[in-house]
Amino acid sequence: MTPPLLAPPLGGTVWEIASSATRDTGAPLRTVDEVVQFLGVDAAATRTLDLTAAAKSRSRTPGSAVVRDRASSPGHVPVASASVKRSTELALGVLADEVFGDPRRYHPVAGFGTVATALERRMYAPSKTRGAAYTLLLVSGAAAAGYALRKVPGATAIGTWAVVGGAGLRGVGADLGRHLGDGDLEAARGLLPSLCGRDPAVLDAAGLARAATESVAENTSDAAVAPLFWGAALGLPGLFAYRAANTLDAMVGYRNERYADFGWASARLDDVLNAIPARLAGVVTVAAAPAVGGAPSDAIRAWRNDAAEHPSPNAGVAEATAAGALGLRLGGRTQYAHGVESRPVLGDGRAPEPADLARAARLSLVVELGALAVTILGARTGRRAWRRVRPRG
């Protein structure tokens, strides 16, 4: 006699019913045929039960079958896992930069500069087309190198350490301020070329203090915030491509006779890549003003009133907000190696003094750490949002 079926799950699959029957009778049902015999129904009915359950499962969790298939496919890395890994490695790279500073030997950026100089000798011509080809070749090559290395364990952390230059920037700025405070102008002048391209021989103590403060402010955006932004957004290829473009801008992005055309593409690409990071740096600088005894309202006012007057659409934001946050006045007559430029005044405070370089370095650190947190959070949120809205297939 067929034992009675004690309340099997309504619409359950054949195997769910088998499990229920096993619990009720103590006799395991191992095959579909045994289940069919136990139920007293034909095979068509069992097929209907399975299809009904599958349809209900899909209606309860849309797309869940697709997600399960993708998650079980070979080589699949969950979005959340990849995002956490990238965020962790970016943070480790920043920590390494703070602890160890720039790599002392075989620095990849120095190696890139050597390659770029050699290629310039072969490709140079006073032509925007030749300059654009030069820029494209080097930046795409750097991005390809990052793409090739992106899955190597620890590569993003090491790449971040090599690319981000916040610690070195702050160290040079603070050292220069100490030399000025000690009255050692020659030592201070010897450090200035590490920060900017101005002629230190023609600058007095006030000029050196202003030049260093402006350079720390601008390069906090260029050397710290921007690489972290692109690293969070695009990983190791983004880190390498950005650093390549920024290095080329420093090498050939000048408005002088030699580079006005050849360096045009490098300068414009650097402007584009820094557009969002510079404004992110501005926002974080406004928020960080109290950390250096400043007021966010002063930083906002300097940004609103003065940033647009700067010849660089991005450096103006970084320098103006830093001037407001520090309560300083930056800009004015500026002596570069290629000539004199008259820069707009940024901020309405006093002129920088040697002691202000330590404050500028502290502001730089707070801005870098704040930008790291914002970019990581933004990248992870964006990836989760994209995962929800992207087409299933």
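The values are calculated or read from the model by the stated rules, or taken from the named source; none is laboratory data. This structure is a prediction, so every number in the text was calculated from the model and none was measured. A quick note on method: Cβ atoms are made from the backbone with ideal geometry, for glycine too, and the neighbour counts reach across all protein chains shown.
A compact table of results
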{"quantity": "Enumeration of residues in the stretch 226-256 that are free of Cβ contacts under 8 Å to residues at least 60 places away in the same chain and more than 17 Å from Gly197 (Cα to Cα)", "calculated": "Ala226, Trp230, Leu234"}
{"quantity": "Options Ala299, Ala308, Ala325; residue that is within 28 Å of the chain's Cα centre (by Cα), part of a helix (DSSP H, G or I) and free of Cβ contacts under 8 Å to residues at least 12 places away in the same chain", "calculated": "Ala308"}
{"quantity": "Number of positions in the stretch 158-187 that are surrounded by 23 or more Cβ atoms within 10 Å (Cβ to Cβ) and charged (D, E, K, R)", "calculated": "1"}
{"quantity": "Some residue of the stretch 117-128 being of a type in the set (S, T, N, Q), without any contact (Cβ under 8 Å) to a residue 60 or more places away in the chain and either under 20 Å from Asp270 (Cα atoms) or surrounded by fewer than 13 Cβ atoms within 10 Å (Cβ to Cβ) (or both)", "calculated": "no"}
{"quantity": "Criterion: closer than 25 Å to Arg189 by Cα and either touching a Gly at 6+ places or on another chain (Cβ under 9 Å) or basic (Lys, Arg) (or both) - qualifying residue of Ala323, Ala302", "calculated": "Ala323"}
{"quantity": "Complete set of residues in the stretch 337-378 that are crowded, with 21+ Cβ neighbours inside 10 Å and either modelled with pLDDT under 80 or in a strand (DSSP E or B) (or both)", "calculated": "Leu346"}
{"quantity": "Residue count, the stretch 304-331 (criterion: more than 12 Å from Thr213 (Cβ to Cβ) and touching a Lys or Arg at 6+ places or on another chain (Cβ under 9 Å))", "calculated": "7"}
{"quantity": "Some residue of the stretch 270-286 being without any contact (Cβ under 8 Å) to a residue 24 or more places away in the chain and either more than 27 Å from Arg362 (Cβ to Cβ) or of a type in the set (Lys, Arg) (or both)", "calculated": "yes"}
{"quantity": "Within the stretch 100-125, tally of residues that are among the aliphatic types (A, V, I, L, M) and either touching a Ser or Thr at 6+ places or on another chain (Cβ under 6 Å) or over 15 Å from Leu137 (Cβ atoms) (or both)", "calculated": "2"}
{"quantity": "Test: residue in the stretch 269-287 that is within 25 Å of Asp199 (Cα to Cα) and at pLDDT 95 or above", "calculated": "yes"}
{"quantity": "Residues (touching a helix residue (DSSP H, G or I) at 6+ places or on another chain (Cβ under 6 Å) and among the basic types (Lys, Arg)) located in the stretch 131-160", "calculated": "Arg150"}
{"quantity": "Qualifying residues in the stretch 252-267 (those that are at pLDDT 95 or above and touching an Asp or Glu at 6+ places or on another chain (Cβ under 9 Å)) - the one nearest to Tyr147 (Cα to Cα)", "calculated": "Ser266"}
